[in-house]
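Since the structure comes first, as structure tokens, the remarks are kept for the end.
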Amino acid sequence: MNARYPGLILVFISLIVVEKAFTQQSESTPVWAYRCVNNRCKKVALTSTETLQKAVSLSVCRTYCNEIFSTLWPRPTGKYRWGSKMIHINGDDIQNQWNKSYEALGTYWNISLERFQVQLTNKAFGEQLRSGGKRMVINVAVDTDSLVLNHGTDESYKLAITRLNSGDVSVALSAKNYFGARHALETLAQLIVFDDLRSELQIVTDVEIQDAPVFPHRGVLLDTSRNYVDLKSIKRTIDALAMVKMNVFHWHITDSQSFPLVIKSQPILHTYGAYSRREVYSAENVADVVHYALARGIRVVPELDAPAHVGEGWEKTNLTSCFNIQPWGQYCVEPPCGQLDPTNDKVYDVLEDIYREMNDMFSKSDVFHMGGDEVSFKCWASNAQIKQWMKSKGWGLEKADFLKLWVYFQSNALERFDKSTEKKRSIVLWTSHLTEDSYVDKYLDKNRYIIQVWTTGSDPKLKTLLEKGFRVIISNYDALYLDCGFAGWVTGGNNWCSPYIGWQKIYNNDLRRMSGPYSSQVLGAEGALWTEQADQLTLDARLWPRLSALAERLWTDPRSGWQRADSRMLIHRERLVENGIAAESLQPKWCLQNEGNCPA
């Protein structure tokens, strides 16, 4: 064969050499760059070495072209000054200066600095950075060493970036407290970009930003009882929350399907209620999460849902009604059914033990969530002892009578809660029959209770609560339930709150529009992930980047729609990914590289 086709062999070898040369060139030499044209970063082909020397990468172009803050999420709210000069910095030569009077904050600030350094490293996606670059000196000033994080905490900050005569970069961070300073550092991390044409980190200079959140309550609810979520995944979620300046991790830690929280004084609950001996959360685990979150500017709000949503673990105490009753659809919204028996005094003894230990575990939070949703009167009516107790009180067996039973439970539970702790915490309850117009101000103290609204954004019950003076947290399921839009699991078709909710709807979920003249009573909002159909393997894609849309709604409260934020969202999604968050893809990457061409 070699003798018959020598020319063909030479051509074949030549093609291999050319292909190899082309491959080596494409791997080592950039062929695309960007040019700012009409406030858009336009992709252009490089044609010579001279062009490469002047070429601009996408990340650098986005920093000074188009709108201000194009690399930031959430968008800052205050006054600003924005430069256009970029400086190559040395990511390994960053100095931190702060007053020794902040020594009490040292542990927390060091954690933030370590995160900051990791974020800078992650920008290069493992690529070797070019040597050199200017030193960056971060000067930190806070007014107090307080680590109190609540609805009254001032999370504002000021950030200034200037170039010194020496060529070094000076960064001044100032805030009322650690939390504002931490937010400033998060913004600084987003202002530093990786120039992939030169393999270096660059930062824009001559920048001043004043920033503060609009709403004090900015969070997510994560249900870890329907499906267990390991500590690694919880911490990863907290890291992502910190990246977008969210400040609440609402931990829905128990429900009827499992009781994974270890209560030492009532070990029967987790022994029989957890899915396995490994799938539990000890007091030490909780303390670890609380500390981890606080260092990232996030407080952990615990929830013990009652009197409904109790089952596994509880049934061994003989304090429940209708546990796993069949057919379940007549007595609860999902299996297994289960509610506490308010007529049994031992219920309150057990609750007091749980409250005491939970208050110790979550001592950093001034808020406790007592649940209170989806109470089924049919469940209680199925219990002969409960009905007999009600008759002995001279009550009937109508809706109003079962509502009195519910109020009896809530009053006793609150009394035991207060007995279990020296702090008087605010109590959060879900909207329910108890929060309806005819009952809410009769049975609930507006100065003590905060109502979390889970019904639709147009539900008139929200207006009623606000008119009566209640503070609210909004989690309207038609925009903020992140488990919607998947297959039904107790029925055919799709699940109950379908369709799927895209980030655009979350972004446009305007709390001020919903609340009208009562917006000052809206503390903020939470996205909610109920985990009947999610676990630690699907967690990231369920939450991100949709939760980021809520973060900007709550921090910035933008007056424009999602279209103005679209290109920034694509940049932000890439940043989540580079930091280990498996955020869902939103558009073809072509849209990221061809700004403004995709949204209609």
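The values are calculated or read from the model by the stated rules, or taken from the named source; none is laboratory data. On a predicted model such as this, the values are computed, not experimentally measured, just so you know. Neighbour counts run over all protein chains shown; Cβ positions are idealised from the backbone, glycine included.
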The condition of being surrounded by fewer than 19 Cβ atoms within 10 Å (Cβ to Cβ), within 32 Å of the chain's Cα centre (by Cα) and among the basic types (Lys, Arg) holds, among 393, 378, 364, only for 364
Inspect the stretch 354-361 for any residue being at pLDDT 95 or above and on the phi > 0 side of the Ramachandran plot and give the result as yes or no.
no
Filter the stretch 484-524 for residues that are among the small types (Gly, Ala, Ser) and over 26 Å from residue 150 (Cα atoms); which is farthest from the chain's Cα centre (by Cα)?
492
Condition test on residue 110, is it under 29 Å from the mean Cα position of the chain (by Cα) and either within 16 Å of residue 205 (Cβ to Cβ) or of a type in the set (S, T, N, Q) (or both)?
yes
Can you pull out the helices (runs of 4 or more DSSP H) entirely within the stretch 170-281 that have at least 1 residues that are in the same structural domain as residue 152 (by TED's automatic domain parsing) and either out of contact with any Cys (no Cβ under 8 Å at 6 or more places or on another chain) or over 30 Å from residue 357 (Cα atoms) (or both)?
178-191
Taking the residues in the stretch 574-600 that are within 16 Å of residue 236 (Cα to Cα), in contact with a helix residue (DSSP H, G or I) (Cβ under 8 Å, 6 or more places away or on another chain) and not acidic (Asp, Glu) as candidates, determine which candidate is surrounded by the fewest Cβ atoms within 10 Å (Cβ to Cβ).
580
Restricting attention to the stretch 113-127, does a residue exist that is charged (D, E, K, R), at pLDDT below 90, assigned to a loop (DSSP other than H, G, I, E, B) and closer than 24 Å to residue 206 by Cα?
no
Of residues in the stretch 184-243 being of a type in the set (Lys, Arg) and touching a strand residue (DSSP E or B) at 6+ places or on another chain (Cβ under 8 Å), the one surrounded by the fewest Cβ atoms within 10 Å (Cβ to Cβ):
198
Can you pull out the residues in the stretch 136-174 that are buried (at least 17 other Cβ atoms within 10 Å of the Cβ), without any contact (Cβ under 8 Å) to a residue 40 or more places away in the chain and β-branched (Val, Ile, Thr)?
171
Subset of the stretch 255-268 [free of Cβ contacts under 8 Å to residues at least 60 places away in the same chain and in contact with an Asp or Glu (Cβ under 9 Å, 6 or more places away or on another chain)]:
255, 258, 259, 260, 262
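To keep it simple, each residue is scored yes or no on (1) crowded, with 20+ Cβ neighbours inside 10 Å; (2) assigned to a helix (DSSP H, G or I).
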{"position": "455", "(1), (2)": "no, no"}
{"position": "464", "(1), (2)": "no, yes"}
{"position": "472", "(1), (2)": "yes, no"}
{"position": "483", "(1), (2)": "yes, no"}
{"position": "491", "(1), (2)": "no, no"}
{"position": "499", "(1), (2)": "no, no"}
{"position": "505", "(1), (2)": "no, yes"}
{"position": "509", "(1), (2)": "yes, no"}
Being within 17 Å of residue 350 (Cα to Cα) and touching a strand residue (DSSP E or B) at 6+ places or on another chain (Cβ under 9 Å) is the filter here, so list the residues in the stretch 264-294 that pass it.
269, 270, 273
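Each row is one residue, and each column tells you yes or no for (1) touching a residue at least 40 places away in the same chain (Cβ under 8 Å); (2) among the basic types (Lys, Arg).
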| residue | (1), (2) |
| --- | --- |
| 425 | yes, yes |
| 433 | yes, no |
| 450 | yes, no |
| 474 | yes, no |
| 496 | no, no |
